[in-house]
Structure formats: structure tokens, C-alpha cells
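Visitor: Sharing a structure with you now.
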Amino acid sequence: MADPKLGVYICSDCGIGEALDTEKLENIAKNQYRIEVVKTVPFLCSQEGAQVIKDDINNEGVNKIVIAACSPRVNSDTFDFDPAQYITERVNVREHIVWSQLPAALEEVPAQEASEAAPAETASDEAAPAEAAPETAEAPAEASSKMVVNENTQEMAEDHLRMGIVRAQKSEPPEPFIEAVERTVLVIGGGAAGLTSALESAKAGYKVILAEKEAVLGGWAGKMYKILPDKPPFEDVKTPDIDEKIAAVQSHENITVLMEAHIDSIAGTPGQYDATISHNGSTETHRIGSVVMAIGWKPYDADKLGHLGYGKFKNVVTNVEVEEMAAANNGTISKPSDGQQAKRVAFLQCAGQRDPEHLPYCSSVCCMTSLKQALYVTESDPDASAYIVYKDMRTPGLYENFYKAAQNNPGVMLTKGEIVSITEDSSGNIILEIDNTILGEKVRIEADMLVLATGMVTNMLPEGAEKVTDLTPEYVGQWKETKTQDGIIKEVIADPVVLNLVYRQGPELPYLKYGFPDSHFVCFPYETRRTGIYAAGSVRAPMTAMQSANDGVGAALKAIQCVELTSRGQAVHPRSGDESFPEINFTNCTQCRRCTVECPFGALDEDEKGTPKTNTSRCRRCGTCMGACPQRIISFKNYSVDMIASQMKAIKVPEEDSKPRIIALICENDAYPALDIAGLNKIQTNPFYRFITMRCLGGTNLVWIADALSAGIEGFLLIGCRYDDDYQCHFVKGSKAANERLGKVQETLSRLMLEAERVTQVQLAMNEWDQLPKIMDDFAEQLKSFGPNPFKGF
Amino acid sequence: MADETVDKTEETAGAGNDATADATAEETAVTAAETPVAGDASELSEGDTAATEAQVASEATSVTAENVPDVREAMLIKPDVGFVKEIINGGGTDLKKCYQCATCSVVCNLTPDDSPFPRKEMMWAQWGLKDKLMGDPDVWLCHQCSDCVAQCPRGAKPGRVLQAIAKMTISRFSWPGILGKGVGSPAALVLMVAIPVLILLGVISQFGHLTNPSKGNIILDGSGHQIVQDVKTGGEIIYSNFIPIPAVDITFTLAFFFAILAFAVGSSRYWKLLSAHAVSEGGTLKGSGLGNLGPVLGEIITHKRFGKCDETEDRKVSHMFIFYAFLGLFVTTAISVIGEYLLHKHSPYGWNNAVPVKWIGSVSAAAGLIGIGWIMINRFKHAAKIGIGAYFDWLLISVVATVIVTGILAWGLRVANTPVAYTVYFIHLASVLFLFIYAPFSKMAHMVYRTVALVFARVTGRDMGIE
């Protein structure tokens, strides 16, 4: 970039001009930071206002633009200057300060004092609290009342302006990391999701390698007698049509199908993966850009359901077995004991599901499946009936119509109920004893056979895996204890299952619960914790074939997006389009491995000695590595340990104990907008906080805490996302990593003879904005109880 | 509930009560107190009142009072698809749409608070639990207000379902059974109409003049000789020439007593099954049937229950019209019979008789006309919201309408001396005969079965009347 030249623009509208002394703000920029281009512009977001900035860019050579106005979450289209050339720093004086702090108030001012105050103020930018606005200074010299800005509000704005200027000074426009990419998508699994993913990617012009472990395509969708409705009005079962999709895949010129394939390894980074796949006895390595993992599900092991009669009574079968029976016999369901057609078929929903001993979750499909199979029973014999016993009938979305249609069949009988016992009589009939039915009493039903609606287990778990509630954390594998200088470290050595990734953190995708690949479930369902690898279909959550196909489309689009953004050197998600990336200054690396261990996305590999190896296109740019590094050697062009440390230094710490200074590190995804919303609602917050925006709390470096506390800052409040099982962190592990790091800060604080509670982390979701004032006040109160920071004034 | 369930299983299995049972004793004791001990009603069918195994078993289980877990034996239910289809075909078309939200029971103003209808009946009906429904007096406690039909979020029309079940009750207990089936079946309509028509034709051809009765103006005297009579004040149309009055009276008296007999058989069968069911469910019969008949009749003559309907408020008045019309016509007929045979005052009567029989009859006929017309209009008025009704309803409505309209016309045409009067009179007699002999099998039977059910509900303490 050309010689850095800052321009500072202060907007005086939206109440900013009334609440703040903008001239004083200007003076800070001019006098303290020696910036030439400093302007207060009314209505800065108007065309004329923005033109002022554009003119300065063109005429004055301004390339670092500091805008003290509204939140960067608004007017982003107006202040949209090319990030490759310009640094744009938005200082949020509107939502975070003016709208959430005390406004100017009417005060009686003796005439003389007013006229004297004005010149004094212009002389020094470090002047005492502003008492006079410029226009009143020219007012006639007589006692009058006038608007006086609030001292704390003004100081808060001044500090934030200083921090903004420093941040701009320390930022450089990023230069994208660009490598050649291969525009080929590897789709693993040829079921409903995989076939759709392959076809959609191919239609979009991408080459596809479809690897299927079996000898036929179609997966479960090809094994059904009938499938659930997949079109409006969602009422009738239909004949499987997966063959059409298989034919389309097989005939598409962009798709190479590898049958009976095994993934030996996947090495490299998005855009440049090398996938080694063996099939037909030969092994080949293919260059691919991204991966769709659609490996589907397996039925829960019914042998574990002995308490429901499975394995004990001949006429107790699973829903999968009934489906096979129907497919083989054109819809006729016969009793396994004697092969006679079953006239009374009972279905037990949630068999081994929503049960802490088996699958604790609902597979969401089985209610529809049982309704479908009940129709097999009544359609092959109109006098036959199907009795469905459920905990809750769950037919999400438009499948409600299917439920209604099936329920309307006279032979399909439904009741809620809890199974008391399942027994067999001498002729092989199954007797169900059910309590809490909606028939109003405990009943017994005699049936020719019983179908257990068993659930779905992700194929992320190997055959015969442990109980899904009792898995090793993150990966299926074995515990291993390693002795290090920090003590014994216990970690899981992951077993390879499907992907065989050549990644430092393990060969498979990490899971969160029950084996399903971890992802930010709400915002990023397909994105796993490995950039470039997208999960689709029942591997990531139980779903129907129709939903799997939809998933296949979604994951294909993600896989394409990944290749395209990678080709431009941009982050894929959640910071889509971000061209910055972490760079390591290796000369000071101590090979401590913290970065390679802590990266939530397995982006960093390492050599034998432990020296990290960056894989930029795997990176999500959260900065967790930057926070983890004790050597402070991991930096982005526009985000670094030094930059934030400098921001902290820019905060003016007054000597008065009545003006404590507290730093709040706020996550840009939740805490920042929460503060914005508090401002929009004009909720007053504590004025002694100084907000520093973090990409993620995972980037919190402990060095800041020691530095800032020694400089007289009273305390640190880290406001981040919820972590652990129900995490909301966009970067999955960021807020958790910050919290773990804070556990280690105690040592630093005790060395400084400070209370550990001076550094506190809170978990806050965006919608909890109304709790912010209390959280902030409580923490300030707590700090007050410790007494002032002894380092203040040094 | 889960713990309790375990206890129950252990109890049944003979494991006795143990520490687990003690732990939940308090909870289970409460449940036991609230839940009446239910027996096994599964094998229960017509007239079967035998004590069940379950009761014996529950008595044999000796447990201390505090530790009484729920010893209910689970009832073996026998779902019957055929019965479900029968209800659907009998007017409960949308039965299967019910998803058990209980809106129906909430909006119903007639249901008792405890185990209210029609929710439970809907579930039993969906599962085809025929025995339960046949022995359930609640089916008749329902007065077809149709509040539930209008409010049901799924359009399952619970009122229509109960009505279909009620119809099946009539058919099931009917004697002779074949008539019960025939009257309920649209396919048998022609045959059913043919029976009273043929009986009447037979009687007329035997005792009257089927062709040109006016020309002869001949009637039979007491000894069977034909006598030519004068034209009297009533004009040339003399119905007694067409069919002699004693022939009419004997035919209809026989029909009347046939209906009484059929009702007696049907209602006693019904009562027996109701009693057996109530006992098997742990209920007791507290009072006598006759003792409770009074208050029930009191409710009937005031139409108290009808008055509770929201959606079809006006049915109370329309039904009252038809109810009192029938009562008035019954009185008219009684007076006429007394007049004819005891006082020898022959019809037709004039307006100025000492006993205002002409007035009573005419006013009743007018009330009947208003009532039945109103009922029909109401049916159309409410059609969109609650449906127009089933074959069973319209069969009775049509017959009653025919009786009333032809009755009035028969009078008018006689006075006007129009020969077509004989045809109309014939239709009138045939429709009245239809009404009489089929009363125990048509919707008309509601007057007996509903009364029986209301009395029974009082006897078991289920429903002591409506406030």
C-alpha cells in the first residue's frame, strides 16, 4: 500500500452532535495523532457525506478511513471502500455510546466561566471535561443555561476514537493467498443425498467423482418397497424413483462413478486435496477441490432391544426388516413364525429411541415409516389392521398431510402409550400391555407380529461402535496418555472410519454428540469442522430421502462455493470473502503446538518437531491460533496481538478512582450486535467500559491482560458466545478456548498481586441484549469491591 | 408414572411389593384411590354379565391398604376394522380424522365432567371397540347439538360419529333383528316401504273399497252386510267407505303393540348390556330404573338438555313443536277411539264438539307441520357448518313430514270433495303405519333408547340430570 494516510470523519447526526463535543474529538485526532484530514460532517451517510470521504481519497490520498458514526452493521453499503486498497475503521459512537449513555444536559453556567472555558479548550486536547459548545462560547457574556455534554459519555467517545485511529494505523489491506484450485467435487456415498449432490455439482459445470462402497447405487432409497411422498400434497406413498437419478448420474459426462470404493486417504487443503481411492483392485490418487460426505446411516442394532422382545420372539421384527419383506413380497407382510400373512400388525414407535440407554434422540423418520408400513398392511388386505403405539406422533412439516391421510385409513389405528410388557402366547401371537393410552385405560392388544420402529445411527460411527451416549470425545478412538513437561496429557487417538484425512488433528470429522459431525447447527448445517468437507443427508442428522436429497443440493452448493472462494484466496465461511489470513513469524516459534492443537478446524498441521504448517484455505480466520500463541507471532494483516494491545494502550486511564476503566472484549457476531440492540432500545449501560471488537473470543491473547492491568485498567470482561454442548460460537470452539485460557491467567494475576476475578468471561447470545446493563454493572461493582487497581498511575 | 408401572408389573407377576413399591407407596396409593378398579370387559357381549377373572384376581391379591398399587388388569381390546367401516358408512364419515385434542368434550354442554364424551368414544370408535361403545350410555346422552361438530379443528364431526353409533345401537338390540338392519339400510328402502303399503292394500281389499269408494258410499255394518249410506255433511268423500274405521283401528292397534313389544325387547337387551358393562368397569347400580324415570321424563317434556345446545339452539323449539304435535295427535286418537267405540260418536267431528277433539287434532297437525318444516330448514341452514345429516335422519324426517302433510291434505281434500283425497288418505295411512311398525328400528327409536340411557345414567350416578 502507498504511504498510509489517515482521514477521520465524525458524523454529527443521529444525536451524536448533541451528545458529544465533536470539536474536542476532532482535536484529539489532530493534536494527539497528528492527522491532517479530520472532519465533522453532518449526515455522513448521505450521498454528500460519503462524497466528502471519496473526495479526500481521490484528492488527499486518504487510504485509512476512520468513521466515527453509526454501527458498522448499518450503512455498510455506503462506507464500502475497496478493502484491497483501503482500511475502513468504523468507530461505533452512535449505538454503543450516544444511544446508550447519558445525553447532554441543561446546566446553569456563569457567563464568565463560559467565555473563559472556550479558549482553554482549544489550546489543549487533553482539556478537562468539556463544558462549552462552540456556539455558546460566542454567546453574550451573561449568566445563561446551556446544553453541556456528559463528561463520561464524552470520554468514552474519545477513547473509542483513539482506539479506532490506532486500529486503522496498525492495519494493512490484506493480500489474498491464491493458489491453483481443482474444480472437482468428491462425493462420498451414492444414496439419495450423494446422488443428488453429484448430479447438482455436475449440472453446475463441476467435475464429480462419486465413490460408493457398495456394488449398487441408490443406498437405502433403492431398497424400499414404497417411499414417502415427496411432492405436494404429501399424502400418498410412491414407488421408488431413485433409478431415474442413478441413470442420470451414470450418464452424465462430468461424473465418474467409482463402485466398491474405499477412501485410502485425503491429504491437502480445499482446492488442492489429493484423494487416494481404491476400487476394483486398483488404487488411484485424484486431485479434488472439495468433498461432500453423504455416507448415510445404519439401523440401530436391534439385538440390544431384547427387552422389547427382539431376538426372543420370532414375530418381533424391525422396521428395516419389514421394509425388506415388503420389497421382496410386493407389499405383503408375513409372520416370520409360519409365513402366514399378518392380519394384525403392531408397531412400536421410538423402539430404543428417545431412551437414554439406547439412542437418546428422535430419528424423526420412523413415525412416517411406520405409517407407510401400516399402509402396506391394510392395502394388501383391507380387513387387516395396523396398531401404532407411539410416545408422540412426529411427522414434521408437510408430512402432517401424510399422517392425516394414513390416519384416515380405517385399518390404521393409533394410540399414545407406554409399553408395560411384551409377551408371546403359545401360538406365537405377541401381546402388548400398554399403559397411559388415550383409550383411557391400561390395555392389552394381541397382534400377529410386532414391528419395532428402530432408529438411525450415523455412519460416522463404525459398525459395532459403543453406545452413542458413551463415545470418546470428538472422535471414535482410544485414550492415550502422553507424558510432557506440563504433566500427563490424555488425548484420544482417533480411528480412521471413512475419510482417512491426513490432518494433524485426526483422520475423521470431529463430532459433538452421538457421532453426528459437529457443525454450527443453526447457521451452518452442512459445514463441518473441516473447511472443504460438507456433510449431507442422514450422516449429519436423521432425515428422510427427500430431505437427504435437499441436503445433497445444499452441500453441493457449499462445496462449489468453497472451491470458488478458495480460488480467489477468500475465506469460505463464516467470514465469507475475507482475504486476510494468519501468518506466522517462524523465527520466534518455540514449537509449543498450542496453535495446532487449539485450531477448531484442524487447519494447522505440524512437522515432527512441532513446527506449525499453515494450510490457508482450510482456515476460517477466527484468530484462535493468534490468541493461543504465547510468542505472539501469529498475525493477520488487519488483526494482530500488537494491534489490540496498542488499542488498549490508547485508552486514557484517569487518576480519579471514580472513573475506573474496564475493557470489554466483545465477539463481533453476538456481543457486538447485542450492544447495538441495547443502543437501539436506548438502554443505558455503564459508561466506564471500553469495547474492543474480536473476530472471536478465541483470539484473546493473555499478554493483553497482563499489559492492560499493569497500565491501570481495572478489569476485563470477555463477552462471548455460549460454549460446550449447546454452543453458539460461530467458530465452534472459540469462546471455549478463551475460557480455558483464562484458567491459566490466574498465575499472571497472582504475580501482579491482583484478584483472579478481575478477568471474567460471560456467555451471551444476541437476544440476551437486555441483560447487558446488569452484567456490566455487576462486574463493575465487583471490581469496585476489590478497590482500585494498585498499578493505576504508575 | 414409570415407577408405578414397574410396580404394577411386579405385582401381576407375583413378585409382591418390595422396597421399590414402598418407595412409591404414597404416590401409587393416591392413584389407586382415584382410579376405580376396572375389570376385564373384553369378553363381554350381549347378556353376558359373568364376573370376570380380573375381579377374582384382584380380590385374591392381598396387599395392605397403603401399598395398594394399581391392580387394574389391563383390558384385552379387540380392534374391529369392520366396525370402524360400519361407523364410517353409517354417517361417521370423518371419524378417523380425530386426533384426540378433546375440543369436543370441552365445548359440549351436556357431557358429565368425569370421563366426558365424545372424546373417549372417538378413540374407541377409531379402534373399532364395538363392545365398549354398545354398552356406553353416553352415546345417547348426546343430543346432537353439534357444538363439537362446529368446533372440531380436524373436522372429525364427533356428533355425527355418536349418531352413527347410536343408530348401530338401535340396530343391534332390535327385535326382530332383520327389521333393524333393513330400516337402517338405504338399499332396503323399497322393500321397507312395500311392507306397510302391502299390509294396507291387503286390509283395504279385504274390508274396504279399493276402487271408486265414493260411488257406492257403502260401508259394512256390524254383521258384515253392505249398506248403502247417505251422503253426509262431510261431503261425498267418505274415508270409511274406502277403509272401514274398525279395520284401520285394528290394523294400527296391532302395529302399535308390535312396536311396544319390539321396544320392550330391545330396551331390556340394552339395559342388560349397559348394566353388565357398568359392573365390569367397577360401577354400581344404585337406584331403580322406574324410580329414576320420573325426573328423566321431566327433563324430556321441558327439553332441558336441548336448551343447552349452542350451535343449534333453535332445535329445542322445533323439536318441541314436533314432540307436542305427536303428543296432541296421540290424545286426539285416544279420544277418537273412546268416542267411536264407547260413546258411539263417529267421525268426522265438527268444530263445536263438547270435547274439542277437532281443535286438538288440528292444532297438533299445525304444530307438527311447523315443527317438521323448521327441522328441515334448520338442517339446510346448518349444513355448511355441521352437515346435512345422514340417511337415517332423513328417513324419519321424510316419513314424519309425509304423515303430517298427507294428514292435513286428507282433511282438506275431503272437505273439498276431490277424488284424489283417497290416494292422499292411503299415503297418509301407509306412512303412519310405516312410522308405527318401524318406530323401534328407525330414528324414532331414540325416544326409547335415549330415555333408557338417561335413566341408566341416573341409576349409576353418572349423570343426575342437567342444571
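Visitor: Just to check your reading of the model, which residue among B:Gln144, B:Gln163 is over 21 Å from A:Lys416 (Cβ atoms), in a helix (DSSP H, G or I) and away from chain A (no Cβ under 14 Å)? Outline the logic, then answer.
Guide: On the way: B:Gln144 fails: in a helix (DSSP H, G or I).
So the residue among B:Gln144, B:Gln163 that is over 21 Å from A:Lys416 (Cβ atoms), in a helix (DSSP H, G or I) and away from chain A (no Cβ under 14 Å) is B:Gln163.
Visitor: Quick check: anything in region A:440-449 more than 24 Å from the chain's Cα centre (by Cα) and within 30 Å of A:Asp241 (Cα to Cα)?
Guide: As a first pass, look at region A:440-449 and keep what is more than 24 Å from the chain's Cα centre (by Cα): A:440-449.
From what is left, the residues that are within 30 Å of A:Asp241 (Cα to Cα) are A:449.
So far as region A:440-449 goes, yes, one or more of its residues are more than 24 Å from the chain's Cα centre (by Cα) and within 30 Å of A:Asp241 (Cα to Cα).
Visitor: Considering only region A:416-439, state which residues are more than 7 Å from chain B (Cβ to nearest Cβ), of a type outside the set (Lys, Arg) and not in a loop (DSSP other than H, G, I, E, B). Step through it out loud before you land on a result.
Guide: In the first step, residues of region A:416-439 are kept if they are more than 7 Å from chain B (Cβ to nearest Cβ); the result is A:416-417, A:419, A:422-432, A:434, A:437.
Next, only the ones that are of a type outside the set (Lys, Arg) stay: A:417, A:419, A:422-432, A:434, A:437.
Passing the criteria: A:Ile419, A:Ile422, A:Thr423, A:Glu424, A:Ile430, A:Ile431, A:Leu432, A:Ile434.
Visitor: Moving on. Which one is nearest to the other protein chains (Cβ to nearest Cβ), of the residues in region A:440-459 that are part of a loop (DSSP other than H, G, I, E, B) and of a type in the set (S, T, N, Q)? Give the derivation first.
Guide: Here is the first cut: in region A:440-459, the ones part of a loop (DSSP other than H, G, I, E, B) are A:440-442, A:448, A:453-455, A:459.
Of the ones still in play, those that are also of a type in the set (S, T, N, Q) are A:454, A:459.
Working: A:Thr454: 21, A:Asn459: 33 Å.
Per the stated criteria, the residue is A:Thr454.
For (1) more than 30 Å from A:Trp297 (Cβ to Cβ); (2) in a helix (DSSP H, G or I); (3) at pLDDT below 95, each residue gets a yes or a no:
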position: A:Thr136; (1), (2), (3): yes, yes, yes
position: A:Ala141; (1), (2), (3): yes, no, yes
position: A:Glu155; (1), (2), (3): yes, yes, no
position: A:Leu161; (1), (2), (3): yes, yes, no
position: A:Pro173; (1), (2), (3): yes, no, no
position: A:Ser197; (1), (2), (3): no, yes, no
position: A:Glu235; (1), (2), (3): no, no, no
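Let's see how each residue does on (1) at pLDDT 95 or above; (2) within 19 Å of A:Ser290 (Cα to Cα):
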{"residue": "A:Lys483", "(1), (2)": "no, no"}
{"residue": "A:Pro510", "(1), (2)": "yes, yes"}
{"residue": "A:Ser519", "(1), (2)": "no, yes"}
{"residue": "A:Val522", "(1), (2)": "no, no"}
{"residue": "A:His573", "(1), (2)": "no, yes"}
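Visitor: Still on this structure: Determine if region A:672-689 includes at least one residue that is crowded, with 19+ Cβ neighbours inside 10 Å and closer than 30 Å to A:Arg593 by Cα.
Guide: For region A:672-689, residues crowded, with 19+ Cβ neighbours inside 10 Å and closer than 30 Å to A:Arg593 by Cα: absent.
Visitor: So, of the residues in region A:401-411 that are in contact with a Ser or Thr (Cβ under 6 Å, 6 or more places away or on another chain) and not aromatic (Phe, Trp, Tyr), which turns out to be farthest from the other protein chains (Cβ to nearest Cβ)? Give the steps one after another, and end with the answer.
Guide: Start the filter on region A:401-411 by keeping residues that are in contact with a Ser or Thr (Cβ under 6 Å, 6 or more places away or on another chain), which leaves A:403, A:409, A:411.
After this cut, where a residue has to be not aromatic (Phe, Trp, Tyr) as well, the list is A:409, A:411.
Working: A:Asn409: 7, A:Gly411: 5 Å.
By that ranking, first place goes to A:Asn409.
Visitor: In region B:332-357, how many residues are in contact with a Lys or Arg (Cβ under 7 Å, 6 or more places away or on another chain) and small (Gly, Ala, Ser)?
Guide: 2
Visitor: In this structure, does A:Leu375 turn out to be in contact (Cβ under 8 Å) with a residue 60 or more places away in the chain, within 14 Å of chain B (Cβ to nearest Cβ) and out of contact with any Pro (no Cβ under 7 Å at 6 or more places or on another chain)? Step through it out loud before you land on a result.
Guide: Values: in contact (Cβ under 8 Å) with a residue 60 or more places away in the chain: yes; within 14 Å of chain B (Cβ to nearest Cβ): yes; out of contact with any Pro (no Cβ under 7 Å at 6 or more places or on another chain): yes.
Yes, satisfied.
Per-residue answers, yes or no, for (1) modelled with pLDDT under 90; (2) surrounded by 14 or more Cβ atoms within 10 Å (Cβ to Cβ); (3) of a type in the set (A, V, I, L, M):
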residue	(1), (2), (3)
B:Pro295	no, yes, no
B:Thr302	no, no, no
B:Tyr324	no, yes, no
B:Gly328	no, yes, no
B:Glu340	yes, yes, no
B:Ala367	no, yes, yes
B:Gly373	no, yes, no
B:Phe380	no, no, no
B:Phe392	no, yes, no
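Visitor: Would you check which residues across region B:166-188 are outside any helix (DSSP H, G or I) and among the hydrophobic types (A, V, I, L, M, F, W, C) and list them?
Guide: First, pick out the residues of region B:166-188 that are outside any helix (DSSP H, G or I): B:174-176, B:185.
Correct list: B:Trp175 only.
Visitor: If you don't mind, another one. If you check A:Leu501 against the conditions, is it within 29 Å of the chain's Cα centre (by Cα) and buried (at least 19 other Cβ atoms within 10 Å of the Cβ)? Even if it seems obvious, please write down each step before you answer.
Guide: Details: within 29 Å of the chain's Cα centre (by Cα): yes; buried (at least 19 other Cβ atoms within 10 Å of the Cβ): yes.
When the stated conditions are applied, A:Leu501 passes them.
Visitor: Which residues, taken from region A:542-562, are over 22 Å from A:Phe731 (Cβ atoms) and assigned to a helix (DSSP H, G or I)?
Guide: Start the filter on region A:542-562 by keeping residues that are over 22 Å from A:Phe731 (Cβ atoms), which leaves A:542-553, A:556, A:560.
Within region A:542-562, A:Ala545, A:Met546, A:Gln547, A:Ser548, A:Ala549, A:Asn550, A:Asp551, A:Gly552, A:Val553, A:Ala556, A:Ile560 qualify.
Visitor: What are the pairs, 6+ residues apart or on separate chains, where a residue within region A:223-248 that is within 24 Å of A:Glu321 (Cβ to Cβ) has its Cβ under 6 Å from a residue that is of a type in the set (Val, Ile, Thr) and not in a loop (DSSP other than H, G, I, E, B)?
Guide: These pairs meet every condition: A:Lys238/A:Ile227; A:Pro240/A:Ile227.
Visitor: Answer with yes or no whether A:Ala294 is more than 32 Å from the chain's Cα centre (by Cα) and buried (at least 17 other Cβ atoms within 10 Å of the Cβ). Walk me through how you get there before you give the answer.
Guide: Details: more than 32 Å from the chain's Cα centre (by Cα): no; buried (at least 17 other Cβ atoms within 10 Å of the Cβ): yes.
Against the criterion (more than 32 Å from the chain's Cα centre (by Cα) and buried (at least 17 other Cβ atoms within 10 Å of the Cβ)), A:Ala294 does not qualify.
Visitor: Would you check if A:Val498 is assigned to a loop (DSSP other than H, G, I, E, B) and either away from chain B (no Cβ under 14 Å) or under 26 Å from A:Phe347 (Cα atoms) (or both)? Please lay out each step first, then the result.
Guide: On the way: assigned to a loop (DSSP other than H, G, I, E, B): yes; either away from chain B (no Cβ under 14 Å) or under 26 Å from A:Phe347 (Cα atoms) (or both): yes.
For A:Val498, the condition - assigned to a loop (DSSP other than H, G, I, E, B) and either away from chain B (no Cβ under 14 Å) or under 26 Å from A:Phe347 (Cα atoms) (or both) - is met.
Visitor: Under the condition of being part of a helix (DSSP H, G or I) and of a type in the set (A, V, I, L, M), which residue from region B:71-93 is farthest from the other protein chains (Cβ to nearest Cβ)?
Guide: Restricting attention to region B:71-93, the residues satisfying the condition of being part of a helix (DSSP H, G or I) are B:81-89.
Imposing the further condition that a residue be of a type in the set (A, V, I, L, M) reduces the set to B:81, B:84, B:87-88.
Working: B:Val81: 5, B:Val84: 4, B:Ile87: 9, B:Ile88: 6 Å.
Only one residue tops the list, namely B:Ile87.
Visitor: Looking only at region B:429-467, filter to residues that are more than 15 Å from the chain's Cα centre (by Cα) and aliphatic (A, V, I, L, M); which one of those is surrounded by the fewest Cβ atoms within 10 Å (Cβ to Cβ)? Even if it seems obvious, please write down each step before you answer.
Guide: Taking region B:429-467 and keeping what is more than 15 Å from the chain's Cα centre (by Cα), we get B:429-434, B:457-467.
Subset that is aliphatic (A, V, I, L, M): B:429-430, B:432-433, B:457, B:459, B:464, B:466.
On the way: B:Leu429: 26, B:Ala430: 22, B:Val432: 23, B:Leu433: 21, B:Ala457: 22, B:Val459: 22, B:Met464: 11, B:Ile466: 16.
Among residues in region B:429-467 that are more than 15 Å from the chain's Cα centre (by Cα) and aliphatic (A, V, I, L, M), the one surrounded by the fewest Cβ atoms within 10 Å (Cβ to Cβ) is B:Met464.
The rows are residues; the columns are (1) more than 10 Å from chain A (Cβ to nearest Cβ); (2) of a type in the set (A, V, I, L, M, F, W, C); (3) free of Cβ contacts under 8 Å to residues at least 12 places away in the same chain.
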residue	(1), (2), (3)
B:Leu95	no, yes, no
B:Ala102	no, yes, no
B:Met122	no, yes, no
B:Asp131	yes, no, no
B:Met134	yes, yes, no
B:Val139	yes, yes, no
B:Cys148	yes, yes, no
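Visitor: Among the candidates A:Glu433, A:Glu424, which residue alone is in contact with a Lys or Arg (Cβ under 9 Å, 6 or more places away or on another chain), at pLDDT 95 or above and crowded, with 19+ Cβ neighbours inside 10 Å? Before you say what the answer is, go through the steps one by one.
Guide: Working: A:Glu424 fails: crowded, with 19+ Cβ neighbours inside 10 Å.
When all the criteria are applied, what remains is A:Glu433.
Visitor: Which residue pairs have Cβ atoms closer than 6 Å, lie 6 or more positions apart in sequence or on different chains, and pair a first residue in region A:172-200 that is aliphatic (A, V, I, L, M) with a second residue that is surrounded by fewer than 24 Cβ atoms within 10 Å (Cβ to Cβ) and in a loop (DSSP other than H, G, I, E, B)?
Guide: Once the first residue is aliphatic (A, V, I, L, M) and sits in region A:172-200, its partners that are surrounded by fewer than 24 Cβ atoms within 10 Å (Cβ to Cβ) and in a loop (DSSP other than H, G, I, E, B) give A:Ile178/A:Gly569; A:Val185/A:Tyr206.
Visitor: When region A:490-530 is examined, which residues are found to be out of contact with any strand residue (DSSP E or B) (no Cβ under 6 Å at 6 or more places or on another chain), aliphatic (A, V, I, L, M) and closer than 23 Å to A:Asp470 by Cβ?
Guide: Scanning region A:490-530 gives A:Val497, A:Val498, A:Leu512.
Visitor: Scan region B:188-223 residue by residue and report those that are modelled with pLDDT under 55 and among the small types (Gly, Ala, Ser). Spell out how you get there, then give the answer.
Guide: Of the residues in region B:188-223, the ones modelled with pLDDT under 55 are B:214-222.
Passing the criteria: B:Ser214, B:Gly216, B:Gly222.
Visitor: Could you grab me the full set of residues in region A:389-400 that are among the aliphatic types (A, V, I, L, M), away from every other protein chain (no Cβ under 11 Å) and closer than 19 Å to A:Leu228 by Cα? Please lay out each step first, then the result.
Guide: At the first step, the residues of region A:389-400 found to be among the aliphatic types (A, V, I, L, M) are A:389, A:393, A:398.
Still in the running and away from every other protein chain (no Cβ under 11 Å): A:389, A:398.
Within region A:389-400, just A:Leu398 meets the criteria.
The values are calculated or read from the model by the stated rules, or taken from the named source; none is laboratory data. Keep in mind it's a predicted model, so treat the numbers as computed, not measured. Backbone-built Cβ (ideal geometry, glycine too); neighbour counts: all protein chains shown.
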